[in-house]
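A short worksheet on the structure shown next.
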Amino acid sequence: MFDLGPAAREMTRLVQGVGDDQLAAPTPCPAYVLGDLLEHVHGLALAFRMAADKQIPEGGGSNPPGDARRLPEDWRGATAERLEALVTAWTNEDAWQGTTHIAGFDAPADNVAVTALNELVVHGWDVAVASGQTLELDDVTVQACLGFAEILSGPGGDAMRGTAFGPVVAIPPDAAPLDRILGANGRDPRWGTGRATR
């Protein structure tokens, strides 16, 4: 087990730092403007909380689509509540046992937890650079996410990537850990004017 709290709290801080006038800003996700990305984050927070609780969404569930038109009126507060519930759910040891359901398929629960962490870190960076903020992460979170990134970019990683991740961006092996995480997730750490730190 590891603590998803630091990454979730950082995501909350970043979401609350987005201005209403920034919702149409481009992001490192080519299909998403910032409002779409925020709606995706709002949806994934619920999806991964349900996975921790071993709940299957109505219809089986799928990747949250990312559509700014679906954002609730109080999207900052609503997303913060969902992220807090996500963290609480994954503090339960039972959440990490056996298999669970996410995005339409079954998977080992501990793998789903790592995927949730990766989503929080990478989309946290997306939100940060798209809105002119800076992502700040603790070393434990970075190292846990780095292990997932190494699997994604390693042998057999293409099958795991599916359509959810862009092509690997080549990053020097001696680059900062966060840059290597971003590259494995199909992100160019040099995107835009913002920079992530670690």
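The values are calculated or read from the model by the stated rules, or taken from the named source; none is laboratory data. Everything quoted here is computed from the prediction, not taken from an experiment. For neighbour counting, all protein chains shown are included, and Cβ atoms are generated from backbone atoms with ideal geometry for every residue, glycine included.
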*Among the residues of the range 26-39, which ones are buried (at least 17 other Cβ atoms within 10 Å of the Cβ) and farther than 19 Å from Asn118 by Cα?*
Val33, Gly35
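So, in the range 80-96, of the ones that are aliphatic (A, V, I, L, M) and touching a residue at least 60 places away in the same chain (Cβ under 8 Å), which residue ends up surrounded by the fewest Cβ atoms within 10 Å (Cβ to Cβ)? First the steps, then the outcome.
Pass one, the range 80-96, residues aliphatic (A, V, I, L, M): 80, 83, 85-87, 89, 95.
Those left that are additionally touching a residue at least 60 places away in the same chain (Cβ under 8 Å): 80, 83, 86-87.
Details: Ala80: 19, Leu83: 27, Leu86: 25, Val87: 21.
Only one residue fits best here, namely Ala80.
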*All but one of (1) hydroxyl-bearing (Ser, Thr, Tyr); (2) touching a residue at least 24 places away in the same chain (Cβ under 8 Å); (3) surrounded by fewer than 17 Cβ atoms within 10 Å (Cβ to Cβ) hold for Thr99; which doesn't?*
(2)
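Out of Arg49, Arg13, Arg82, I need the residue that is among the basic types (Lys, Arg) and within 26 Å of Ile151 (Cα to Cα). Which one? Full working, then the answer.
Details: Arg13 fails: within 26 Å of Ile151 (Cα to Cα); Arg82 fails: within 26 Å of Ile151 (Cα to Cα).
The unique qualifying residue is Arg49.
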*List the number of the failed condition for Ala107; all other conditions in (1) in a strand (DSSP E or B); (2) crowded, with 17+ Cβ neighbours inside 10 Å hold.*
(2)
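Against the definition (of a type in the set (Phe, Trp, Tyr), in a loop (DSSP other than H, G, I, E, B) and modelled with pLDDT under 95), how does Phe165 come out, yes or no?
Numbers: of a type in the set (Phe, Trp, Tyr): yes; in a loop (DSSP other than H, G, I, E, B): yes; modelled with pLDDT under 95: yes.
For Phe165, the condition - of a type in the set (Phe, Trp, Tyr), in a loop (DSSP other than H, G, I, E, B) and modelled with pLDDT under 95 - is met.
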*In the range 49-63, is there at least one residue being out of contact with any strand residue (DSSP E or B) (no Cβ under 8 Å at 6 or more places or on another chain), in a loop (DSSP other than H, G, I, E, B) and closer than 25 Å to Gly166 by Cβ?*
yes
*Of the residues that sit in the range 111-143 and are in a helix (DSSP H, G or I) and charged (D, E, K, R), which one is surrounded by the most Cβ atoms within 10 Å (Cβ to Cβ)?*
Asp126
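State which residue is surrounded by the most Cβ atoms within 10 Å (Cβ to Cβ) when the search covers only the range 1-23 and only residues that are more than 19 Å from Asn118 (Cα to Cα) and either in contact (Cβ under 8 Å) with a residue 24 or more places away in the chain or among the aromatic types (Phe, Trp, Tyr) (or both). Write out each step before concluding.
If we filter the range 1-23 for residues that are more than 19 Å from Asn118 (Cα to Cα), which is where we start, we get 16-23.
From what's left, either in contact (Cβ under 8 Å) with a residue 24 or more places away in the chain or among the aromatic types (Phe, Trp, Tyr) (or both): 16-19, 22-23.
On the way: Gln16: 12, Gly17: 15, Val18: 22, Gly19: 10, Gln22: 16, Leu23: 18.
Per the stated criteria, the residue is Val18.
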*Check Thr91 against each of (1) at pLDDT below 95; (2) not in a helix (DSSP H, G or I); (3) not basic (Lys, Arg) and name the one condition it does not meet.*
(1)
